[in-house]
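Student: Starting off with a structure, shown below.
Derivation of every value follows stated rules applied to the coordinates shown; laboratory data play no part. No experiment lies behind these values; they were computed from the predicted model shown. Cβ sites come from the backbone with ideal geometry, for glycine too, and all protein chains shown count toward neighbours.
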Amino acid sequence: MRVCKSKGITTIIIGHVTKEGNIAGPRVLEHMVDTVLYLEGERYFSYRILRGVKNRFGSTNEIGMFEMQDKGMCEITNPSDILISEREDNPSGSCIVATMEGTRPLLVELQALTSQTIFGYPRRTANGIDYNRLTLLIAVLEKRAGMMLSSQDVYLNVVGGLKVNEPAADLGIMMVTASSFKNIPIPKDMIILGEVGLTGEVRRINMIEKRVKEAEKLGFKTCLIPESNKKDLKDNYKLDIIGIKDVNEAMKKIGLK
């Protein structure tokens, strides 16, 4: 570090990462450098995300998305288009949500599968979202929408190996679960946004304009958003924007109720 600072040399130090995703050993390595970058990706997917978790020179909210090819890592200029490119048919248990990675909106596909439980205790499996969040949203579906899932195993997957941690995907998770349970497909050209509270209300989310513009750019025709967000948007969008106040209203608009 002394040599680098005295001579103005840019140096890259590669550290070992534990199974939990943290830098192994003492945190000296993180403290001594100006920027810490994590190169994330699932073993069976070709996509890699470069994420900043420390940056003395700017924001850590930006990410870069790359694909491993025979000539190395190549930048993906439009990740949303890649992540939803294989939605040719329109089965039940599938929908699109817009998640924010820093200041970049990404459209990702959620898939859900419900099946009759065999062992008496329903199983919940979440890949790409928090398990506890899934169980909470299932409980809201049962209590506020009258959807009896206590006898159903519920499996939820975020396509592409991405992780969705923000609450703006709540409404999409609930609708895709209801779609699989009722075996009714969600319209292919619809995108679903909104945080859901314990009383079933759909709450405001941030950066709504960026999410809607990304959906419009990729040709979506309908956008379900919280009613409190609708007044923040201008009327010059090409897609139909529908304000939703609660879970039951969302299910009626989609045709699940």
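Student: If you rank Ile225, Ile129 by fewest surrounding Cβ atoms within 10 Å, what's the result? Walk me through the numbers before you get to the answer.
Tutor: Working: Ile225 27, Ile129 21.
Fewest-to-most ranking of Ile225, Ile129: Ile129, Ile225.
Student: Give the share of C-alpha pairs in each 5 angstrom bin for the range 133-242, from 0 to the last occupied bin, in whole percents, shortest bins first.
Tutor: 2, 11, 21, 22, 21, 13, 7, 2, 0, 0
Student: Kindly put Met207, Met251, Met1 in sequence by how many other C-beta atoms sit within 10 Å of each C-beta, fewest to most.
Tutor: Met1, Met207, Met251
Student: Express in whole angstrom the spacing between the alpha-carbon centres of the range 224-252 and the range 111-148.
Tutor: Centre-to-centre distance over Cα atoms comes out at 25 Å.
Student: Also: GNM, the chain, Cα, under 10 Å: largest mean-square fluctuation among Tyr155, Tyr38, Tyr121?
Tutor: Of the options given, Tyr121 has the highest mean-square fluctuation.
Student: Also, I was wondering about something else. I want to verify a result. In a Gaussian network model of the chain, Cα cutoff 10 Å, which of these has the top mean-square fluctuation: Thr125, Thr11, Thr99?
Tutor: It is Thr11.
Student: Follow-up. Whose amide H sits under 5 Å from the amide H of Lys188, counting only residues 5 or more places off or on another chain, with H placed in the peptide plane?
Tutor: Those qualifying (amide H under 5 Å, at least 5 residues apart or on another chain) number zero.
Student: Taking a cut-off of 17 Å between Cα atoms, list the aspartates and glutamates near Lys221, but don't count ones fewer than 8 places away on the same chain.
Tutor: Qualifying aspartates and glutamates at Cα under 17 Å: Asp81, Glu88, Asp89, Glu109, Asp189, Glu209, Asp235, Asp240.
Student: For the range 178-239, restrict the atom set to alpha-carbon positions and state the Rg and Dmax in Å.
Tutor: Every Cα atom of the range 178-239 included, Rg and Dmax give 12.8, 36 Å.
Student: What net charge do the residues around Glu67 carry, taking every other residue with its C-beta under 14 Å from that of Glu67, with Lys and Arg at +1 and Asp and Glu at -1?
Tutor: -3
Student: Between Arg43, Arg133, Arg204, find the one with the highest GNM mean-square fluctuation for the chain; connect C-alpha pairs within less than 10 Å.
Tutor: Arg43
Student: Here's a follow-up. To make sure I understand, if each residue's beta carbon is the centre and we count other beta carbons within 10 Å, what order do Val28, Val164 fall in, fewest to most?
Tutor: Val28, Val164
Student: Starting from the Cα of Lys54, step 7 Å along the direction of its Cβ; do the same at Lys230; then give the gap between the two resulting points in nm.
Tutor: 4.7
Student: For the range 2-77, what is the relative contact order in percent, using Cα pairs closer than 8 Å and at least 6 residues apart in sequence?
Tutor: Numbers: 89 pairs, mean separation 12.8, N = 76.
Computed over the range 2-77, the figure is 17 percent.
Student: P(r) for the range 17-133: what percent of alpha-carbon pairs falls in each 10 Å bin, starting at zero?
Tutor: Final binned percentages: 10, 31, 33, 18, 7, 1.
Student: Per Stokes-Einstein, at 25 °C and 0.890 mPa s, what whole-number D in µm² s⁻¹ belongs to the range 82-203, with the Kirkwood radius over Cα pairs as the hydrodynamic radius?
Tutor: Answer, rounded: 170 µm²/s.
Student: Antiparallel DSSP bridges in the chain: what percent, to the nearest 5? Spell out each step's value before the answer.
Tutor: Details: 34 of 47 bridges.
In the chain, approximately 70 percent of DSSP beta bridges are antiparallel ones.
Student: HN-Hα J couplings of the range 102-111 from phi, Karplus 6.51/-1.76/1.60, θ = phi - 60°, integer Hz, Gly and Pro as x?
Tutor: Taking θ as phi minus 60°, the curve returns x, 9, 9, x, 10, 8, 10, 9, 9, 10 Hz for the range 102-111.
Student: Another question, then. Defining a contact as two alpha carbons under 8 Å apart and six or more residues distant in sequence, what relative contact order in percent does the range 81-254 show? Before the final figure, lay out each step's value.
Tutor: Values: 354 pairs, mean separation 42.7, N = 174.
For the range 81-254, the relative contact order is 25 percent.
Student: Oh, and also: Based on the Cα coordinates of the chain, what is the per residue volume of their convex hull in Å³?
Tutor: Value for the chain: 166 Å³ per residue.
Student: If you don't mind, there's one more thing I want to ask. Scattering from the C-alpha atoms of the range 2-77 alone, worked out with Debye: what is log10 I(q)/I(0) at q = 0.22 1/Å?
Tutor: Normalising to I(0) and taking log10 leaves -1.16.
Student: If you take the charge dipole of the range 81-254 about its Cα centre, with +1 on Lys and Arg Cβ and -1 on Asp and Glu Cβ, which of Gly160, Phe119, Ile225 is farthest toward its positive end?
Tutor: So the residue we want is Ile225.
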